[in-house]
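Inspection log for the structure reproduced underneath, given as structure tokens.
What follows draws every value from the coordinates through simple rules; no lab data is involved. All values derive from a computational prediction rather than experimental measurement. Positions of Cβ are backbone-derived with ideal geometry, glycine not excepted, and every protein chain shown enters the neighbour counts.
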Amino acid sequence: MTEKNSDEFYAKLKEQLTETSKWPSDYLYKFIVLSDTEKIQKIHRIFDNTGAVIELKKSKKGKYTSVSITVNLKNPDEVIIKYKEVGAIEGVISL
């Protein structure tokens, strides 16, 4: 995703989150990542000390891991900050 597309995506996401949720609110993130312990640990560290509930589920053949994270956040900006932090990890797909 180019930076311009990325900025537009996050602006639209912020607008949708503002309109559809009361804040603070629980937010569910879903990511797909190669079953690489180091990458999964990086995601864990991003959500350390946030009270997040993190669930991992390996794909049928074990090549990929689905990471579901439920966390209570104060506002849409916090949601976007976490997406950007996780997005900096190579090979992580945000759903």
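A few notes on this one:
- Qualifying residue in the range 31-40 (condition: in contact with an Asp or Glu (Cβ under 6 Å, 6 or more places away or on another chain) and either part of a loop (DSSP other than H, G, I, E, B) or of a type in the set (A, V, I, L, M, F, W, C) (or both)): no
- Counted residues, the range 41-91 - those being in a loop (DSSP other than H, G, I, E, B), under 27 Å from E19 (Cβ atoms), touching a residue at least 40 places away in the same chain (Cβ under 8 Å) and not charged (D, E, K, R): 1
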